[in-house]
């Protein structure tokens, strides 16, 4: 009986020793296995800064944080009396340029043409009179009654009258023909220039009512009603969660697993335990600051850090900017 108990006890001890040996061996084996590396990323999304190229005072902000906006929806308005005054000035300049162009096209008025014709007739009558006077004086000179000086004076007066007649005739013709082609073209171009000035100010005036160019969600409002908005300063920020991606910072010795186009599974703790598929879309080196990490102090070899962008293969519901994204190196 004692022999049987001793044998049983020996067997139990042997089994326990074998179990202990197996457990110790498995523990050592596990300790020397390569553990999967975990990478933590963060969700980012495309942001749009809604601003105006016109400086002024914010009149109304028509959205609130969290509002869904669509392309073409009014976001905010700016009050700018200066632009309204400039628009009035530009329109007045356009009207003046148009009137000058119309005047150049129509030419002289009928009264101006008639006055020019009367001046020509007057000069012609004076020229005829001076011609007759010269002929009389010339006859008297031929008879020896008057001196040659009188004859020369009469001839000079006749020639001057003829020049005056020609000048009056040219003025009459100019009045009939109207403005020169070059003058008309210059007036027309000035009118176009004035119209361009009006269009420019109208464009600025239209930019006092700012609409969104994109669909998205209002993430921030930087200025409110009554505050001054500098030119180009963002007033409202919109984020488009349909254009979202995850950013990972990967050391270059692990970069081989993140080639462009590679897909992998990730988990997003904020969304529960589901697994999501992401695809690498872009890889770029980060700046020199804080991206070097020593791997071997003796050899002096440092690793750089790269920024890896990965986009979800399918849209993810309830995804938000800033959520953590976890990736195990064996989750390919």
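The values are calculated or read from the model by the stated rules, or taken from the named source; none is laboratory data. Just so it is clear, the model here is predicted, and its values are computed rather than measured. No Cβ is skipped: glycine too gets one built from the backbone with ideal geometry, and neighbour counts run over all protein chains shown.
Suppose we filter 258, 248 for residues that are outside the structural domain of residue 110 (by TED's automatic domain parsing), touching a helix residue (DSSP H, G or I) at 6+ places or on another chain (Cβ under 9 Å) and surrounded by 14 or more Cβ atoms within 10 Å (Cβ to Cβ); which single one remains?
Details: 258 fails: touching a helix residue (DSSP H, G or I) at 6+ places or on another chain (Cβ under 9 Å).
The unique qualifying residue is 248.
Just so you know, in the stretch 26-49 the residues that are farther than 28 Å from residue 323 by Cβ and either within 18 Å of the chain's Cα centre (by Cα) or not in a helix (DSSP H, G or I) (or both) include one that is modelled with the lowest pLDDT, and it is 33. When residues in the stretch 50-72 are screened for being part of a loop (DSSP other than H, G, I, E, B) and within 20 Å of residue 219 (Cα to Cα), 10 of them pass. Would a scan of the stretch 73-93 turn up a residue that is free of Cβ contacts under 8 Å to residues at least 40 places away in the same chain, assigned to a helix (DSSP H, G or I), out of contact with any strand residue (DSSP E or B) (no Cβ under 6 Å at 6 or more places or on another chain) and under 30 Å from residue 157 (Cβ atoms)? The answer is no, given that none of the residues of the stretch 73-93 is free of Cβ contacts under 8 Å to residues at least 40 places away in the same chain, assigned to a helix (DSSP H, G or I), out of contact with any strand residue (DSSP E or B) (no Cβ under 6 Å at 6 or more places or on another chain) and under 30 Å from residue 157 (Cβ atoms). Would you be able to say whether some residue in the stretch 209-230 is within 23 Å of the chain's Cα centre (by Cα) and farther than 26 Å from residue 70 by Cβ? Checked the stretch 209-230: at least one residue is within 23 Å of the chain's Cα centre (by Cα) and farther than 26 Å from residue 70 by Cβ. The residues on offer are 201, 218, and the sole one that is assigned to a strand (DSSP E or B) and either in contact (Cβ under 8 Å) with a residue 60 or more places away in the chain or surrounded by 13 or more Cβ atoms within 10 Å (Cβ to Cβ) (or both) is 218.
When the stretch 108-160 is filtered for residues that are outside any helix (DSSP H, G or I) and exposed (fewer than 14 other Cβ atoms within 10 Å of the Cβ), the ones remaining, listed by number, are 109, 143, 144, 145, 147.
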